[in-house]
Amino acid sequence: MKKLQLIQKMTEEGVVAVLRGETPEQVVEMAEQAIAGGIKVIELTMTVPFALRAIETLSRKYSWDSQDPSTYAIIGVGTVLDPETARAGILSGAQFVVGPSLNRETVMLCNRYRVPVMPGAMTIKEIQEALELGADIVKLFPGNMYDPSMIKAIKGPLPQANIMPTGGVSLDNLGEWIKAGAVAVGIGSDLTKEAVLRQDFSLIAKKAAAYKEAFLQAKAR
C-alpha cells in the first residue's frame with residue numbers, strides 16, 4: 001500500500017526537481033529552495049559527490065506522509081546505474097529510484113523492496129521491457145530528443161504506460177507534455193542554472209513556484 005500511495009502522491013505533485021551539484025551541502029540547499037517554492041518531489045543524482053549524505057540529511061527532515069506542509073516532501077535517488085547503488089540510496093532514505101536507462105537488476109531490486117522505480121527509456125522496445133519488469137513510471141530520457149507528440153505515439157501500442165519526460169522540459173512546453181498524457185515531468189538544469197550562475201539560491205524557489213503553477217494550470221485545463 002505504501003508504494004501505491006507514494007506513486008499517487010508523486011503523480012499528484014507532478015513536477016520532479018532533478019538536482020545536481022558540486023557538494024552535498026549545495027544540493028541540500030537547492031532541494032530546500034525547490035521545496036519552499038512548491039516542488040515536493042526531489043531527485044538527488046548520484047553524480048553529486050557524497051550524494052548519500054544529502055539524501056540522508058533530507059530524508060531525516062522531510063517525510064512523504066507528513067501532515068505538516070513544512071516537512072512534507074518525497075526524496076529520491078537518481079542516476080542509478082545498478083542495483084547496488086539503488087539499495088545504498090534506499091538505505092539512506094530514498095523513497096524512489098530513477099535511472100537514466102533500463103537496468104533489469106535495478107528494477108527487480110526495487111520491486112523486491114516495494115520502492116517505486118523509474119528507469120529511463122528511449123524506444124517502444126525499452127518501454128515494453130520496463131513494463132514487463134514491473135516499472136511503475138518510465139522516464140522518457142532524454143526528453144529533448146522528442147516533442148510531446150511522442151507520448152501519443154507511445155500510448156498507441158502501450159496505453160498502460162506511465163511516462164515522465166525528463167530533459168528539455170521547460171515552462172514553455174510543460175503544459176504540452178501534460179496535455180499529451182505525461183503523468184509527471186522532470187526538471188533539471190533549467191531550475192537551478194541561473195541560481196548557480198548568480199550564486200543566489202533563492203531564485204530556485206521562484207522558478208520552482210513558476211513550474212508548479214504551470215503544472216496546476218495544465219491539469220486544470
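The values are calculated or read from the model by the stated rules, or taken from the named source; none is laboratory data. Given the structure is predicted, the values throughout are model-derived calculations rather than measurements. Heads up, the Cβs are rebuilt from the backbone with ideal geometry, glycines too, and the neighbour counts pull from every protein chain shown. Surface areas here come from the heavy atoms of the whole protein model, side chains and all, with no ligands, DNA or RNA. Shrake-Rupley method; radii C 1.70, N 1.55, O 1.52, S 1.80 Å.
Rounded to the nearest 20, the Cβ-based charge dipole of segment 120-219 about its Cα centre (Lys and Arg +1, Asp and Glu -1) stands at 200 debye. For the chain, the solvent-accessible area of protein heavy atoms averages 46 Å² per residue (probe radius 1.4 Å; ligands and nucleic acids excluded). Rg/Rh for segment 110-168 stands at 0.97; both radii use Cα atoms, and Rh follows the Kirkwood definition. Only Lys, Arg, Asp and Glu carry charge here, each on its Cβ (+1 for the first two, -1 for the last two); on that basis the chain has a dipole of about 440 debye about its Cα centre. Summed over all non-identical Cα pairs, the Kirkwood treatment of segment 161-221 gives a radius of 12.1 Å. Please give me the summed charge of the neighbours of Ile163: other residues whose Cβ is under 14 Å from its Cβ, Lys and Arg +1, Asp and Glu -1. So the environment of Ile163 carries a net charge of 0. Go through Ile39, Gly76, Val28 and say which Cα lies farthest out towards the positive end of the charge dipole of segment 1-96; charges sit on Cβ, +1 for Lys and Arg, -1 for Asp and Glu. Final value for the positive-end residue is Gly76. Here the peptides 184-190, 159-165 are ranked by packing, the mean other Cβ count within 10 Å, and the order with the highest first is 184-190, 159-165.
Of Ala86, Ala180, Ala73, the residue with the greatest mean-square motion in the GNM of the chain, using alpha carbon springs below 10 Å, is Ala180. In µm²/s, what is D for segment 16-58 at 20 °C and 1.002 mPa s, where D = kT/(6 pi eta Rh) by Stokes-Einstein and Rh is the Kirkwood radius from Cα pairs? Rounded, D is 216 µm²/s.
Long hydrophobic helices in the chain, taken as whole DSSP H segments with a C-alpha length of 27 Å or more on their own axis and mean Kyte-Doolittle hydropathy at least -0.5: 202-220.
Annotation: average projected area of segment 87-141 is 3.2 square nanometres, based on the convex hull of Cα atoms across all directions.
Evaluate 2.2 N^0.38 Å with N set to the residue count of segment 1-76, then give the Cα radius of gyration divided by it. Taking N as the residue count of segment 1-76, the ratio is 1.04. The Cα atoms of the chain define a convex hull whose projected area, averaged across directions, is 11.0 nm². Neighbours of Ile178, meaning other residues whose beta-carbon lies under 10 angstrom from its beta-carbon, give a summed charge of +2 when Lys and Arg score +1 and Asp and Glu score -1.
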